[in-house]
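Engineer: Here it is, the structure in full.
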Amino acid sequence: MFANLRDLDRMFGNMDLLQGRLDRVFNEFNRSRGVDSPRAIADSAPRTNLYDKGEHFEILAEIPGFSKDDLKVKIQGNYLEIRGNRKTETPEGYCTHRTERGTTKFSRSFTLPSDVDSTRVEALLENGFLTLRLPKSEAAKPRQITIN
């Protein structure tokens, strides 16, 4: 029985290797045609963390390789949208032999737990991280009620 389990484990390991090789072949084929695979599109959206710091929310998004001119941040009430569009161009006089960092677009949207004061939002792009400080609106802040 143990020999059969090892054989089965080896077979699944070989299937994983085959799937990895086929993924690489199809990704190279799609890249040569200028088409991103669905997995590449999903991987291009920035990973984010949302923190509630009491008086404000803070969002930390991984956006390596983007400049502030490549990004657009829009907020309305409790809806936040982050868009990015990075283009790469071949320098004049050069010939491209391989392109792995091509044009990248993404759009992420969030519904925040409460409304935000959009006039006091702060954004900082540093070392590939976008940090958004989103102060809560006065109506969304908790208030202590005194009982008479």
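The values are calculated or read from the model by the stated rules, or taken from the named source; none is laboratory data. Just so you know, these numbers come straight off a predicted model, no measurement behind them. Backbone-built Cβ (ideal geometry, glycine too); neighbour counts: all protein chains shown.
Conditions tested, residue by residue: (1) over 30 Å from E28 (Cα atoms); (2) without any contact (Cβ under 8 Å) to a residue 24 or more places away in the chain; (3) not assigned by TED's automatic domain parsing to the domain that holds E28.
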| site | (1), (2), (3) |
| --- | --- |
| K53 | yes, yes, yes |
| I59 | yes, no, yes |
| D70 | no, yes, yes |
| N78 | yes, no, yes |
| G84 | no, no, yes |
| K105 | no, no, yes |
| R120 | yes, yes, yes |
| K136 | yes, no, yes |
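Engineer: When only residues in segment 69-88 that are at pLDDT 90 or above and surrounded by fewer than 13 Cβ atoms within 10 Å (Cβ to Cβ) count, which is farthest from R120 (Cα to Cα)?
Structural biologist: Result: D69.
Engineer: Working only within segment 55-81, note down all residues that are of a type outside the set (G, A, S) and assigned to a loop (DSSP other than H, G, I, E, B).
Structural biologist: E55, I63, P64, F66, N78
Engineer: Output the number of residues of segment 58-76 satisfying the condition of being among the basic types (K, R) and more than 13 Å from S107 (Cβ to Cβ).
Structural biologist: So the count comes out to 1.
Engineer: Right, another one. Considering segment 11-54 alone, what residues qualify as being part of a loop (DSSP other than H, G, I, E, B), at pLDDT 85 or above and surrounded by 10 or more Cβ atoms within 10 Å (Cβ to Cβ)?
Structural biologist: P46, R47, K53
Engineer: While we're looking at this one, here's another question. Within segment 97-148, how many residues turn out to be among the β-branched types (V, I, T), surrounded by fewer than 10 Cβ atoms within 10 Å (Cβ to Cβ) and either farther than 21 Å from E55 by Cβ or over 24 Å from the mean Cα position of the chain (by Cα) (or both)?
Structural biologist: 4
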